[in-house]
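Got a structure for you, written out below as structure tokens; questions coming shortly.
The values are calculated or read from the model by the stated rules, or taken from the named source; none is laboratory data. Predicted, not measured: the structure shown is a model, and the values here were computed from it. Cβ atoms come from the backbone with ideal geometry, glycine included; neighbour counts cover every protein chain shown. These accessible areas exclude ligands, DNA and RNA; they are computed on the full protein's heavy atoms, side chains included. Shrake-Rupley method; radii C 1.70, N 1.55, O 1.52, S 1.80 Å.
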Amino acid sequence: MSKKDFIHINDLTADQIHEIFDKAKWIKSKFKNREHYKPFDGMSLAMIFAKPSARTRVSFETGYYRLGGHALYLGPNDIGIGKRESVADVARVLSRFNDMIMARLFDHNHILELAKHATVPVVNGLTDHNHPCQIMADAFTIIEHLGSIENKSIAYVGDGNNIVHSWLYLSMMIPIKFTVVCPEGYKPDMELVKKAKSTGISDINISHDPYDGVKGADIIYTDVWASMGQKEEAEERRKIFDPYQVNDKMISATGQKTLFMHCLPAERGVEVTDNVCDADYSIIFDQAENRMHAQNAIMLYLTGN
Ligand code: CP
Ligand code: NVA
């Protein structure tokens, strides 16, 4: 049987996605009860980080450890993937030592190459193109709060970035109403939007009107206006994105009960106000916690557990 990787959400079928949500619920409750469950006893996870991280590093390292294994942090100065050594050779070498590889990289082609040459499962911990573990955790968090993910109305407000792309991949498998509310010129990859629309599974829209675009949203989701690797554009982007700040006025514009989500880290006072981050309808820290449970479920799935 060929090894499994987790690079894009639509690498999975809808049934497999739901199995992972169920498994996340199961493993979360086991962890809460401090039950002994160590399927990764004696195993190791190599974690490659070409970019900074708090949640991804801590959730993978803690999660893998609590499942019985050992996780190694390999930072930007350790491996030099694609610079000090080719991506293919890094994949081959790490596969000789480790049972799984998780990587956070700039170039999406590098994660594809890593998965191609590794003989152990590879998990995408974010690239410039997508962030699948995040959106699996987010969808699981929505299920916890609203009972299901199907047909929920999600308005993503801000930059059409890697987070948006992962929502689009999810929308190809699970029916949602997904609206990207962004400035002209900051749309997501429109080829991917076209592909997602062509599956006919979800209702996908692009809007440039920050108030009309969020009408009827069950969830308003935002992310930083300048992602890692774009920080030199931050000042210019602040001017362009100013009307898209998630604040009390925007939350009221949904005209209904709305949850607020953010993958974090947030730049408070920029893309979102403190008030919204700290409101009782904000579920940002549930999202952060669920990174660990969703990823554990993904790693269990990849290893046939
Ligand atoms: N949301 C997320 O991936 O956070 P980090 O960049 O801190 O890992
Ligand atoms: N879009 C953000 C997500 C961080 C988790 C970035 O890529 O920096």
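Determine the relative contact order of segment 159-305: mean sequence separation of Cα pairs under 8 Å and six or more apart, normalised by residue count, in whole percent.
Normalised by residue count, the contact order of segment 159-305 is 20 percent.
For segment 1-147, what's the relative contact order in percent, using C-alpha pairs closer than 8 Å and at least 6 residues apart?
The normalised contact order for segment 1-147 reaches 28 percent.
Given the options THR254, THR273, THR199, state which has the largest fluctuation in a GNM of the chain using a 10 Å cut-off (strictly under) for Cα springs.
Of THR254, THR273, THR199, the Gaussian network model singles out THR199 as fluctuating most.
Rounded to two decimals, what is Rg over Rh for segment 215-259 when you use alpha-carbon atoms and the Kirkwood radius?
1.08
Averaging over every viewing direction, what projected area does the convex hull of the Cα atoms of segment 173-305 cover, in nm²?
Answer in nm², one decimal: 9.7.
When the scattering of the chain is computed by the Debye formula from its Cα atoms alone, each counted once and equally, what is log10 I(q)/I(0) at q = 0.15, 0.16, 0.17 Å⁻¹?
Computed log10 I(q)/I(0) values: -1.20, -1.35, -1.49.
Find the Cα radius of gyration of segment 239-282, compare it with 2.2 N^0.38 Å by division, and give the number to two decimals.
In units of the globular-protein estimate, segment 239-282 measures up at 1.11.
Can you work out D for segment 1-127 in µm² s⁻¹ from Stokes-Einstein, where Rh is the Kirkwood radius over C-alpha pairs, the temperature is 10 °C and the viscosity is 1.306 mPa s?
It comes out at roughly 104 µm²/s.
Given a 1.4 Å probe, how much area per residue of segment 165-305 is accessible, in Å²?
Result: 41 Å² of accessible area for each residue.
Could you tell me which of the pairs LYS187/LYS239; LYS152/LYS257; LYS195/LYS257; LYS187/LYS215; LYS4/LYS28; LYS25/LYS116 are separated by over 21 angstrom between their Cα atoms in the structure shown?
LYS195/LYS257; LYS4/LYS28; LYS25/LYS116
I would also like to ask the following. Putting +1 on Lys and Arg Cβ atoms and -1 on Asp and Glu Cβ atoms, find which of PRO188, TYR65, THR258 reaches farthest to the positive end of the dipole of the chain.
Looking along the dipole axis, the top candidate is TYR65.
Percent of alpha carbon pairs in segment 39-107 separated by more than 19 Å?
Looking at segment 39-107, the distances longer than 19 Å represent 31 percent of pairs.
Which percent of the accessible area of the chain is formed by carbon and sulfur heavy atoms (probe 1.4 angstrom)?
Within the chain, the accessible surface is 49 percent carbon and sulfur.
Keeping all protein chains in place, calculate the accessible area per residue for segment 1-138 (probe 1.4 angstrom), answer in Å².
I get 47 Å² per residue for segment 1-138.
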